[in-house]
1. Scanning region 309-361 for residues that are of a type in the set (S, T, N, Q) and in a strand (DSSP E or B), which turns out farthest from S293 (Cα to Cα)?
2. Quick one: count up the residues across region 268-279 that are touching a residue at least 40 places away in the same chain (Cβ under 8 Å) and either of a type outside the set (S, T, N, Q) or farther than 19 Å from Y328 by Cα (or both).
3. Taking region 384-403 on its own, how many of its residues are in a loop (DSSP other than H, G, I, E, B), surrounded by fewer than 19 Cβ atoms within 10 Å (Cβ to Cβ) and not hydrophobic (A, V, I, L, M, F, W, C)?
4. Output the qualifying pairs, or none if there are none: Cβ atoms under 8 angstrom, residues six or more apart or on different chains, first residue in region 247-267 and in contact (Cβ under 8 Å) with a residue 40 or more places away in the chain, second residue polar (S, T, N, Q) and part of a strand (DSSP E or B).
5. Could you tell me whether T431 is farther than 19 Å from I375 by Cβ, free of Cβ contacts under 8 Å to residues at least 60 places away in the same chain and touching a Ser or Thr at 6+ places or on another chain (Cβ under 8 Å)?
6. Answer yes if at least one residue in region 286-306 is outside any loop (DSSP other than H, G, I, E, B), outside the structural domain of K515 (by TED's automatic domain parsing) and under 29 Å from the mean Cα position of the chain (by Cα), and no otherwise.
7. Looking only at region 503-530, count how many residues are in contact with a strand residue (DSSP E or B) (Cβ under 6 Å, 6 or more places away or on another chain) and assigned to a helix (DSSP H, G or I).
8. V78 - would you say it is modelled with pLDDT of 80 or more, assigned to a loop (DSSP other than H, G, I, E, B) and either of a type in the set (A, V, I, L, M, F, W, C) or touching a Pro at 6+ places or on another chain (Cβ under 7 Å) (or both)?
Amino acid sequence: MSVIQTIRDKAAWIIIGAIALALIAFIVQDALQGGSRGLFSGNSTTLGKVNGTSIDVRDFEQRYKMAEENYRAQNYPVNDQLRNQIRESLWNEYVEDALMGSEYEKLGITVSDKEVGDLLYGANPPQMLRQQFTDSTGQFNAQMAYQAIKSLKKGSPQYNSFWGEFVPALEKSRQREKFTSLIGKSMYVPKWLLEKANTENSQRASISYVNVPYSSISDSTIKVTDEDVQEYVNAHKETYKQENERSLVYVTFDAAPNSKDSQAVYNTVANAKDALANAATTADVQNVLANNSSETPFFDGYVLSSHMQMANADTLRKLADGAVFGPYLDGGNYTLAKMVGRRSMPDSVKSRHILIKIADQQGQTRTDSAAKKLIDSIQLAISGGASFDSMVVKYSDDAGSKEKGGEYEFGSMQFSTLSKEFAEVIFYGNTGDKKVVKVENGSYSGYHYIEVLSQKKVETAYKLAYLSRPVVPSDETVNTASGTAAQFAAESRNPKDFEANAQKRKLNVLSADVKESDYMIMGLGESREIVRWAFNEAKKGTVAEHAYLVGDKYVVPAVAKVSEKGTMSVEKARPLVEYKIKNNKKAEIITKKIGSAATLDAVAQATGQQVLRADSVTFNSTFIPNVGNEMKVLGASFNKEYQTKISPAIKGEIGVFVIKVDNVSAAPNPNFDVKAQQANLQQQMGAMTGYRAIETLKKAATIKDNRIKFF
């Protein structure tokens, strides 16, 4: 059976190749669109460097293209988002390979051939192999997997995908496991530390306090100068680091279909209704769809009633044979639906078969007549009482099902993936049917002896033909938007004119901050071309010379600000730190008001506040009832020195606090098990430490990322 051969010889390995890039935890995200534009401009092909190790863009793109092709083979929608994900994951893989290769070598972390065998055929095989080579009992058939892998021909796409991508990915994943386990096992938590923590965490405190909120001082009385901001940023450089960024402003011109465009598409579809209604045969239906450039191809098969999830499903089920419904709007398409026919059909089928290829697996030619003669003799032998299982083992050319007695189970949703002749026997026939069919499908052409073993969930199924046309903008709509955007760009060659023209045309000026690695702009979507323009061609104040088409909008961007990698500028940092600086200045004013007050009553009188209480303050909490997340106050609540005198002014998150500790007690923890906590904590720390070690290596590395120059 052609499709079964495809499943065995092609689909499994295509999927394996696609998933190879995702097997390692650090492989996950990025892609090719636009990758060839200016890809090798200039002499450099260095996509980036990691501690001096170069990443060549040609090798990178070759790996990328293989991944993209694998996704396409699985019918994934290869859009900009997926492309970006593949590229990002591939970049992360290259970076980690460059960093970890030397570390693995230093530590002697390798993966032997025996380990590879265990990974592939052991008790815990990769999920992909488990899915493809599980027998009828639900058990992974390692021998079947081994034979299938062994049969791969050197130099074939399947061979290269498996041994060139899938297995190396497994090996790297195993090395990573060993590394993280090695680092994790080094974690140790002493018992005395846990006992001390338990003692501290059992403490409870009651306090009295005065809170003078920062809001009691008007913001208008506090001035924050550029020098203040710079001084604060300099004192907290690690917190206010930034990557290369561009602050953009942009305006958009709508090129989406309007009501006139929608009506035109509706009329076009409506005009085809009679032709579709009069189409008497399948060929006639297909011709009507082709002549009207239908967006939806004709599926010459039936869909179970329970699987009909489309718009107007209830109405479509009630159509008489040959009747047409519509036009109606289904998603972004105007659609006509014709009821071609209906029949009973199972939701799932279990069958078994024997395949006699016209060209066998050894490349020797078997004539059509020889194949037909052999399949007829097999059919006759089984009819006479011969064992089906023995016939499968002796004669079937479908190696993928030999170990299972030729058995396969299919769901109705797989109908279109099967050879039509085979699918119709098992889904349109009845349980117990035995039939020989010929399948013509390239190198897998041959004769199948099929027996239908069982059918489940039989219900009414419908064959429908859909003539659909997308609602798209007309040339007039697109040209109007494009022309208006181009005129705006031509008249707005500097920021002043950009702003003035936007006001004149009553356009909303939107803004966004983007980094080199961004592929999306908030509010626009996939906008990599604009990001590349902003970093490769534009400077502060530059307005794009032309509009960019993003989705159904023409966009004219301008660079408002340029932020280079390093510490934030005063302008960039001010919105983030101004309130903190104000609170610091307010805290100084409040502290002066408190002065030398020696009691809480005196503090309350000096600041115009009340003395309040907080009971059940727990040491291991991060929150004080009716106060909030005030960690400095929480710590001071367990300082026994403040049982005899009030604390000094404590600068908190919402105000300045002065406290007095009324009582500190302890609540015993009878369930405390130091050994269990020690084991649990060491396990948690070990699980995170290996990952953090790799992230630390990345942060410490010198990584030069040139991707913005290539794609």
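The values are calculated or read from the model by the stated rules, or taken from the named source; none is laboratory data. These figures come from a predicted structure and were not determined experimentally. Note that we place each Cβ from the backbone using ideal geometry, even for glycine, and neighbour counts take in every protein chain shown.
1. S351
2. Of the residues in region 268-279, 7 are touching a residue at least 40 places away in the same chain (Cβ under 8 Å) and either of a type outside the set (S, T, N, Q) or farther than 19 Å from Y328 by Cα (or both).
3. Residues meeting the conditions: 4.
4. Within 8 Å, the pairs are S247/S511; S247/S563; L248/S511; V249/S511; Y250/S511.
5. yes
6. Going residue by residue through region 286-306, those that are outside any loop (DSSP other than H, G, I, E, B) are 286-291, 303-306.
Then keep just the ones that are outside the structural domain of K515 (by TED's automatic domain parsing); that gives 286-291, 303-306.
Okay, now just the ones that are also under 29 Å from the mean Cα position of the chain (by Cα), so none.
No: zero hits.
7. 2
8. On the way: modelled with pLDDT of 80 or more: yes; assigned to a loop (DSSP other than H, G, I, E, B): yes; either of a type in the set (A, V, I, L, M, F, W, C) or touching a Pro at 6+ places or on another chain (Cβ under 7 Å) (or both): yes.
Criteria met by V78.
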